[in-house]
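For reference, the structure is listed below as C-alpha cells.
The values are calculated or read from the model by the stated rules, or taken from the named source; none is laboratory data. Note that the structure is predicted; figures quoted are calculated from it, not measured. Every residue, glycine among them, receives a Cβ derived from its backbone with ideal geometry; neighbour counts consider all protein chains shown. For the accessible areas, the whole protein counts, side chains as well, though only heavy atoms, and no ligand, DNA or RNA atoms are used. Shrake-Rupley method; radii C 1.70, N 1.55, O 1.52, S 1.80 Å.
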Amino acid sequence: MLSSYFPVFAGRVSDQLVRGRAAYQIQSDQSSLQKLQTQLSTGLRFQKISEDPTAAIKVLGLQESQRAKQQQLVNLKSAEGYLNTTESALASGQDILNAIKSIGLEGATNLLSDTDRNGLLAQIDGYLSTLASISNQKTQDRFLFTGGEVSQQPISLDGKSVRFHGNDTDLLSIADSNSYLAHNVTGQDALGLISEAVTGVVDLNPAVTSSTRLSDLLSGRGIGPVAIQLSDGVNRETIDLESATVLGDVIDRINSVSIDGRPILATLTANGLQIDYADGLPGTLRVLNVGAGKTASDLGIATTDALPVLPIAGGDLDPVIRGTTRLADLNGGLGLDVSGGLTIRQGDKSYVIDFAGTANVEDLLSRINSSGAGVLADIAPGSRSIRIRSIESGTDFSISESTGTLAAQLGLKTFTGAIRLADLNHGQGIGLAEGNDLTFTRSDGTQFGIDLQSAVTIQDAIDLINNSPDNADPLLKIAASLNPTGNGLVLKAPVPIPPDPLPDPPPISVPVSVATANGSNAATLLGLTAKDATQATGSVFLDEYVITGRDTNPQEVKGAFNSILRLRQAIAEGNTAEIGRASEMIGRDIDRLSYTRGSLGIRLQRIESVRTLTEDNMLQLKSQESDNRDVDFASLVTELNARQAAYEANLRLLAQANQQSIFNYL
C-alpha cells in the first residue's frame, strides 16, 4: 500500500494520516493557484497588508508621497494661472502709466487753453478709471492685488483719492515638502498703495512684569532658560528653569530656594530682576551660570565679584512690546498720558482720535484703525514702537497732537525740529537765495533779516531766528517755535503797552510780520505765509501777536494712483512745478512695475522648473510603487504553470492511493 504513495513515508503510518497529508497538499496547491490567478487578474502582488507587510508599508508611504506631489502639481498649476493673469493685468497697467506720462509731458506748459486742459483731464480720468478696474480684477474668485484679503475689493476711487483695502501679505503655496512659493503680487509691490511708515522715534520701553515672556526679552532675542546657580561661597543651590516661560516662573523658582537656611527673595524692578536674602541681612550671595549655559548672564543677574553688593540689581532686560502690553507699563512703567488723543489729517479731513478706555497696545492700534482715517497702525518691525501708514493716495497725510502730548510720547508727530529742511514740501526743500531769506518786521516798525543757508533742520531755523542778535530785545522779540498742537511753525511777539501818558509824537506800533527776501521762497515753503503770498501779518491773541504757519512736511503714498491724482490736480491748477514732480513720480512707478513684472517672470520660471522636477519625482515614485506591488507577469506565468502541474500530479497520486485492493484489508 505504501508503495502507491509519493513520497514514500518511512515507517508505518495509518491510511488516514496519509490521506490527510495528501488532502492538505491539494488544498495548499488550490490556495496557491487561487492567489496566483488573483495576481494574474489584478496585476498586484498582494491584496492585503498582511500578505506582505514590509512591501505594503513601503507602498503606503510611496502612495502618500504621490498624493503630496499631486497636490503640489495642483498648487503649481493654480499659482501659474494666477500669476499669468497678474502679468496680463500688470502689462495693461504699465501701458496706462506710459500713456499718462505722455500727458504729463504735454501738460508741462503754461500755454494750455482751457479746452486743451479739460481734454487732458478727461484723458486722465479715463485712464484712472481703467487702472482702478484693472486693480480690482479677480481670478479664481479672488482679487489679484489685495494681498491676504482675497475676498476684499482692493481699491475704492472717489475722484479725489484712492483707498487701498488690502494688505501687503504674500499668498504662499506649497511647492515642495520644505519650500513655499508666493503666487500673488500685492498691490503695494505693483502699484505702491501704502505709504512709507511714520514710525515712532521714541522707544516705548515697556517695564517688565511677571507675565513678560522670556522670549520677548533682550529686544526680542529671548532667553533660553536652562538653569542658574545660587551660592553663599560654601553652599550651592541649582535652580532648574527649563520649563519657565515668563518672568513670574523664574521668580517663583528662585523664591522657593534657601541657602544655608536663609530664604532667597527675587523681585521685579521696572526693567529687570533684583535678588537678595529675604531677611534683608548682610551676607554673601552669588548668582552663577551653570556649565556652558548663560541663563544668569542673559537674565542680567550673573555676579562676577567674590562679595557682591546686596541686593543684586539685574540689568535691563529690554522687553519688546506686544499687542497685550499694557499702556501703563510703557515708558519704563510710567505709562502714557492718552487723555489728549491725537489728530490725523488726510486731505481736507481731520480725524481726532480719542483713546479713553484703552488698556493695552492692541486697544490703541484698534482705535486708530477704526477711526475712519485711511491708515494702517501696527507695531513697527523690531517691536520697540508703533507705526502708522497711509492707505489713501492723492492726499497729504500728517499726524499731530489733539489737545495733549500723546503724539510726541509715541514719537509720531510728522512735523518736528529734527526734520531736515531739504525734506519739506515733498522733498522740494525751501528754495533759499543768496543773502537773507526772511525779513521780520517788529512791532516798532524796525526790521531784521535771517539767512537760512547754515540751517539743516527745522530746529536750526528756529534757533537762527530766536538767537539773532537783531532779535534780542525782550519787548520786541519775535519768538519762533513748533506749533504745540498742530503741525507747523508759530511766531509770537508781545503786543507793546502804550505809555501813559502818550508822548508827542506817539511811538510807532505796527503788527509784526514776516516776508520773503531776495527772491527766496523760504517764507512760503516754511509755511509762514500763504502759498500765493509773500508776507504774513500777525493777529492779536490775548497780549501777543501770533502768526501760525502751515504744515509743510505732509506725507503721501508714493505710488501710481497718488502720482496720477497729483498730476491731475497740477494740470487743473496749471502748476508746472508740480506737474514736473508728478511726472517724475510716474516714471518711478513705471520702473516699479517693470521690476515687479521681471520678478513675476522669475517666479513663473521657477514654477515651471519645480513642476518639471515634481513630475519626474512622480514617475520615480510610481516606478518604486510598481516594483513593490505589481507582479512580474513572466515569472508569474511560469510559477502558475509549475503550480498547476504539481496540483494535477497530487490529484493523480491521491486517486491512486484511494484504489481498493486486498492489501487494504491485510
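Summary table
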item	result
Only one of TYR24, TYR82 that is over 30 Å from THR638 (Cα atoms), part of a helix (DSSP H, G or I) and either β-branched (Val, Ile, Thr) or out of contact with any Cys (no Cβ under 6 Å at 6 or more places or on another chain) (or both)	TYR82
Residue within segment 228-240 that is part of a loop (DSSP other than H, G, I, E, B) and closer than 30 Å to ALA418 by Cα present	no
GLU362 vs. criteria in a loop (DSSP other than H, G, I, E, B) and acidic (Asp, Glu)	no
Number of the exception - ASN575 against (1) buried (at least 19 other Cβ atoms within 10 Å of the Cβ); (2) farther than 30 Å from LEU60 by Cβ; (3) at pLDDT below 95	(1)
Residue match in segment 549-572 (condition: modelled with pLDDT under 75 and part of a loop (DSSP other than H, G, I, E, B))	no
Qualifying residue in segment 396-408 (condition: within 25 Å of VAL557 (Cα to Cα), out of contact with any Gly (no Cβ under 9 Å at 6 or more places or on another chain), open to solvent by 10 Å² or more (accessible area, probe 1.4 Å) and not in a strand (DSSP E or B))	yes
Criterion violated by ALA89 - all others in (1) open to solvent by less than 80 Å² (accessible area, probe 1.4 Å); (2) at pLDDT below 75; (3) more than 30 Å from ALA634 (Cβ to Cβ) satisfied	(2)
Checking LEU62 against (1) within 59 Å of the chain's Cα centre (by Cα); (2) open to solvent by 90 Å² or more (accessible area, probe 1.4 Å), the condition it does not meet	(2)
Filter pass, VAL514 being within 48 Å of the chain's Cα centre (by Cα), open to solvent by 10 Å² or more (accessible area, probe 1.4 Å) and among the aliphatic types (A, V, I, L, M)	no
Strands (runs of 3 or more DSSP E) contained in segment 101-184 and holding at least 2 residues open to solvent by less than 40 Å² (accessible area, probe 1.4 Å) and under 28 Å from VAL375 (Cα atoms)	162-164
Check on PRO225, open to solvent by less than 60 Å² (accessible area, probe 1.4 Å), touching a helix residue (DSSP H, G or I) at 6+ places or on another chain (Cβ under 7 Å) and closer than 30 Å to LEU334 by Cβ	yes
Output for segment 263-298, where each listed residue is loosely packed, with under 15 Cβ neighbours inside 10 Å and assigned to a strand (DSSP E or B)	PRO263, THR267
Failed item in (1) surrounded by fewer than 19 Cβ atoms within 10 Å (Cβ to Cβ); (2) in contact with a Gly (Cβ under 9 Å, 6 or more places away or on another chain), with GLU196 passing the rest	(2)
Every residue from segment 457-484 that is within 26 Å of THR405 (Cα to Cα) and loosely packed, with under 13 Cβ neighbours inside 10 Å	PRO484
Residue satisfying all of: in segment 584-608; touching a Gly at 6+ places or on another chain (Cβ under 8 Å) and open to solvent by less than 20 Å² (accessible area, probe 1.4 Å); nearest to VAL74 (Cα to Cα) among these	LEU593
Within segment 232-251, considering residues that are within 19 Å of LEU217 (Cβ to Cβ) and of a type in the set (Gly, Ala, Ser), the one surrounded by the fewest Cβ atoms within 10 Å (Cβ to Cβ)	SER243
Residue list for segment 629-651, filter: within 18 Å of SER31 (Cα to Cα), among the acidic types (Asp, Glu) and either surrounded by 15 or more Cβ atoms within 10 Å (Cβ to Cβ) or in contact (Cβ under 8 Å) with a residue 40 or more places away in the chain (or both)	GLU639
Residue match in segment 73-89 (condition: under 15 Å from ILE590 (Cα atoms) and in contact (Cβ under 8 Å) with a residue 12 or more places away in the chain)	yes
Residue identified as farther than 23 Å from SER626 by Cα, among the hydrophobic types (A, V, I, L, M, F, W, C) and at pLDDT below 75 among LEU40, LEU83, LEU2, LEU33	LEU2
Any hit, segment 314-329, residues being open to solvent by 50 Å² or more (accessible area, probe 1.4 Å), basic (Lys, Arg), closer than 19 Å to GLY382 by Cβ and part of a loop (DSSP other than H, G, I, E, B)	yes
Residue in segment 331-344 that is in contact with a strand residue (DSSP E or B) (Cβ under 6 Å, 6 or more places away or on another chain), open to solvent by 40 Å² or more (accessible area, probe 1.4 Å) and either in contact (Cβ under 8 Å) with a residue 24 or more places away in the chain or over 22 Å from LEU406 (Cα atoms) (or both) present	no
Which listed residue, of SER626, SER661, is modelled with pLDDT under 75 and either open to solvent by less than 80 Å² (accessible area, probe 1.4 Å) or in contact with a helix residue (DSSP H, G or I) (Cβ under 8 Å, 6 or more places away or on another chain) (or both)	SER661
Residue match in segment 168-189 (condition: of a type outside the set (A, V, I, L, M), closer than 30 Å to ASN75 by Cβ and touching a His at 6+ places or on another chain (Cβ under 8 Å))	yes
Checklist (1) surrounded by 20 or more Cβ atoms within 10 Å (Cβ to Cβ); (2) touching a helix residue (DSSP H, G or I) at 6+ places or on another chain (Cβ under 6 Å); (3) in a loop (DSSP other than H, G, I, E, B) applied to ALA377, failing item	(3)
Leading residue by the ranking (surrounded by the fewest Cβ atoms within 10 Å (Cβ to Cβ)) among those in segment 409-447 that are of a type in the set (Ser, Thr, Tyr) and under 20 Å from ARG387 (Cβ atoms)	THR416
